[in-house]
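Please treat every number below as a calculation from the coordinates, not as lab data. These numbers were taken from a predicted model, which means no experiment stands behind them. Cβ sites come from the backbone with ideal geometry, for glycine too, and all protein chains shown count toward neighbours.
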Amino acid sequence: MANIAVVGAAGYVGLAYSVSLAAFGHRVIGVDRDPGRIWMLNDGVAPIHEPELPELLQRGLATGLLTFTTDYATAIPPAEFVFICVGTPSTETGAADTSAIVAAATAIARQSKGRTIVVNKSTMPVGSAQFVADILAEHAPSGVTFTVVSNPEFLREGSAIYDIFHPDRIVLGADDLDAAHAVGDLYNTLNAAILITQPRTAEMVKYASNAFLATKISFINEVALICDQLDADVDVVARGMGMDARITPRFLHAGLGFGGSCFPKDVRALAAMARENACDSPLLNAVLDINAGMRSHVIAKVRRRLGTLTGATIGLFGLSFKPETDDIREAPAISLIEELLAQEATVQATDPVANAHIAARFPEVRLAADAYGAAMSADAVILVTEWPAYRSLNLDRIANAMRGRLVVDGRNVLDPGKVASAGLVYEGIGRPRNEGAGTRITVLPEAEPLRAQPRPESVIDSHPLASRGD
Ligand code: UDX
């Protein structure tokens, strides 16, 4: 059992790690400057919508292994490990804002009492391990020493706890191998591959991973736009591509593109790091441009069908950036609403959990309790986020509610044939125009099954100095 402090414990990453590290059997004190959230957490109430989080929070509090405070002087002195989990939002240039990291590192330095390993868990620009080490050294009392280990997170919203317990890999970046192994040992209840490397490389693994996944999405979206023109079916194309074990079918779902707190911010930050270091990043810039273009593409589809958006009523189904979260950061719905309002359309929208966030940001949007309410008297509806409820809509009810007939499926989850059968006009993203044709696809039983990916070794230690022998 280790003593761990988590800085930024009321935020998304910090909270997910606080409850999980306590579930691994460590003693965890979460510290955060938000007193309202700390009060809720000590009361056993999770301030964010995330599966399994409330259960682990309550279990941690009940066992006494997990506590929360706003006071660094309580959290830091007993800690052998301090996890930095503060936010790094985009600045106006697209670069990561590191002010919360500076504040956290300064506070940690002032309160530490002995040898402390600081774990950089937030997504931080390349070079941040050294940056944090310098701040710690500047503010540390005499006799206090720090080692910084970069240990980026790879959590998906909506499955953050699952992802912590089932990581594809744990990445550790450190100049001090003993410190890297000590951090690796915190996860020894997990059966995960561990990659140990230099800090700058570990920091880059995180950015490159997110940028690559975003690239897959923009790639298939560009193919979808071409399919739209050539009357081919991008979903079948993606399926056919994904049957190649080198490609895999994951992150090849065409649609309105990526949003959320990570992909847009991290691709921008990587492009900014390239720019600041006199490197070109034409691919990253294209990934962002294609993503923004998907929103415009859908608006253009609606405008083309309706003739004009001025005075039209448009229903939006789904407002969060993806299902199972109430997070609307960089959600496609935001760009759609802005564009529709700019063109003087009336927007009627609905989401299972994110209505309140949209109401706070766009008071002029009419919010409905469900898709049938959002479709009421609408000239067109757009499926924006593929919540399960929208995959199995009663299409006759939608048709009866609407004034017009156009259904734009921004996530390619509806059956075009069923939409047409309800008397509606279907438009997907890169799906054949041939209304009612559905998707013709045959996979023969004798087709060779996907080749299984070889399992990674349990520990891959790529650090050049790594021949420790233990
Ligand atoms: C992502 C990464 O997956 C995670 O490893 C990282 O640490 C944080 O960013 P998250 O933002 O929670 O996680 O969502 P994810 O499920 O990866 O989806 C990101 C976005 O891409 C969503 O807007 C989703 O709708 C979109 N997406 C995803 C597609 O448009 N097509 C796809 O095929 C996959």
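Treating the beta-carbon of each Lys and Arg as +1 and of each Asp and Glu as -1, no other charges, what is the dipole magnitude of the stretch 14-77 about its Cα centre, to the nearest 20 debye? Can you show the working numbers first?
Working: 4 positive and 7 negative charges, 34 e Å.
It works out to roughly 160 debye.
Over 21 Å, how big is the tail of the calculated P(r) for the stretch 351-425, in percent of all Cα pairs?
Values: 628 of 2775 pairs.
Tail of the P(r) past 21 Å holds 23 percent of the pairs.
Most exposed first by the Cβ proxy, i.e. fewest other Cβ within 10 Å, how do 297, 166 rank?
Ordered from fewest to most neighbouring Cβ atoms within 10 Å, 297, 166 come out as 166, 297.
So how do 237, 287 line up by other beta-carbon neighbours within 10 Å, fewest first?
237, 287
Any idea how far the Cα center of the stretch 65-82 sits from the one of the stretch 282-305, in Å?
After rounding, the separation between the Cα centres reads 46 Å.
Rounded to the nearest whole Å³, what is the per residue volume of the convex hull around the Cα atoms of the stretch 234-289?
Given the Cα convex hull of the stretch 234-289, per-residue volume reads 101 Å³.
Cα centroid distance between the stretch 113-191 and the stretch 1-22, in Å?
One Cα centre to the other: 12 Å.
When the Kirkwood hydrodynamic radius is evaluated over all pairs of different C-alpha atoms of the stretch 62-110, what value in angstrom, to one decimal, is obtained?
12.8 Å
Note down the net charge around residue 230, summing +1 for each Lys or Arg and -1 for each Asp or Glu among other residues with Cβ under 15 Å from its Cβ.
Overall, the nearby charge balance is -3.
Tilt of helix 53-63 relative to the longest C-alpha principal axis of the chain, in degrees (0 to 90, nearest 10)?
With rounding to tens, the tilt is 30 degrees.
For the stretch 291-386, which GluC sites (Glu not before Pro) are both in a DSSP coil and crowded by at most 10 other Cβ atoms within 10 Å? Working shown, then result.
Details: sites: 324, 330, 338, 339, 344, 364, 386; in loops: 324, 330, 344, 364, 386.
Loop-located and lightly packed - 364.
Counting other C-beta atoms within 10 Å, which of 319, 283 has the fewest, and how do the rest follow? Working shown, then result.
Details: 319 31, 283 13.
With the fewest neighbours first, 319, 283 line up as 283, 319.
What does the charge count near residue 312 come to, summing +1 for each Lys or Arg and -1 for each Asp or Glu among other residues with Cβ under 14 Å from its Cβ?
Once positives and negatives cancel, what remains is +4.
Straight distance only, please: which lysines reach the Cα of residue 322 with their own Cα at less than 18 Å, same-chain residues fewer than 8 apart left out?
Straight-line reach from residue 322, under 18 Å: 216, 265.
Using 0.36 nm per residue of separation minus the Cα-Cα distance, give me the extension gain between residue 142 and residue 289 in nm, one decimal. Spell out each step's value before the answer.
Numbers: separation 147, 0.36 × 147 = 52.92 nm, distance 5.00 nm.
Full extension of this stretch gives 47.9 nm more.
Which number do you get for Rg(Cα) / (2.2 N^0.38 Å) in the stretch 308-358?
Taking N as the residue count of the stretch 308-358, the ratio is 1.12.
Among residues other than residue 415 whose Cβ falls under 10 Å from its Cβ, what is the net charge (Lys/Arg +1, Asp/Glu -1)?
Net of charged neighbours comes to +1.
Stick to the Cα atoms of the stretch 3-197, pair each with every other, and give me the Kirkwood hydrodynamic radius in Å at one decimal. If you can, show how the numbers build up before the last one.
Working: mean 1/r = 0.0603 Å⁻¹.
Here the Kirkwood hydrodynamic radius works out to 16.6 Å.
Compute the Cα gyration tensor for the stretch 128-181, then decide on rounded, prolate or oblate, letting a ≥ b ≥ c be the square roots of its eigenvalues: rounded whenever a/c is under 1.5, prolate when a/b is larger than b/c in the other cases, and oblate in all that remain.
Verdict is prolate for the stretch 128-181.
Quick one: Cα centre-to-centre distance for the stretch 323-374 and the stretch 196-217, in angstrom?
Each part's Cα centre sits 32 Å from the other's.
Compute the length gained on full extension between residue 103 and residue 391: take 0.36 nm times their separation in residues and subtract their Cα-Cα distance, giving the result in nm to one decimal. Intermediate values should be presented prior to the final figure.
Working: separation 288, 0.36 × 288 = 103.68 nm, distance 4.48 nm.
Between residue 103 and residue 391, full extension yields an extra 99.2 nm.
How big, in percent, is the set of alpha carbon pairs in the stretch 298-395 lying more than 23 Å apart? Present the calculation step by step, with values, prior to reporting the outcome.
On the way: 748 of 4753 pairs.
Of all Cα-Cα distances in the stretch 298-395, 16 percent exceed 23 Å.
What residue among 76, 24, 66 has its Cα farthest toward the positive end of the dipole of the stretch 1-113, where the charges are +1 on Lys, Arg and -1 on Asp, Glu, each on the Cβ?
76
Between Rg and the Kirkwood Rh of the chain, both from Cα atoms, what is the Rg to Rh ratio?
1.01
Over the stretch 235-427, what relative contact order in percent results from Cα pairs under 8 Å that are six or more residues apart?
19 percent
Evaluate the stretch 365-409: find the radius of gyration of its Cα atoms, find its Kirkwood radius, and give the ratio Rg to Rh.
Working: Rg = 9.7 Å, Rh = 10.6 Å.
Ratio value, two decimals: 0.91.
Under the definition of Cα pairs under 8 Å and six or more residues apart, what whole-number percent is the relative contact order of the stretch 3-197?
Computed value for the stretch 3-197: 19 percent relative contact order.
Taking the Cα-to-Cβ direction at residue 1 and at residue 185 and moving 7 Å from each Cα, how far apart do the two end points lie in nm?
My value for the distance between the label points is 1.6 nm.
Note the direction-averaged projected area, equal to a quarter of the hull surface, for the Cα convex hull of the stretch 235-427, in nm². Don't skip to the end; give the middle numbers.
Details: hull surface 48.2 nm².
Directional mean of the projected Cα hull area for the stretch 235-427 stands at 12.1 nm².
Just flag the GluC sites (Glu not before Pro) in the stretch 68-163 sitting in loop per DSSP whose Cβ has no more than 12 other Cβ atoms within 10 Å.
Listed in order of number, the matching sites are 92.
Using mean Cβ contacts within 10 Å as the protection proxy, how do 271-280, 246-255 order, highest first?
246-255, 271-280
One quarter of the convex hull surface, Cα atoms only: what value does that give for the stretch 275-327 in nm²?
In nm², the orientation-averaged hull projection of the stretch 275-327 is 6.4.
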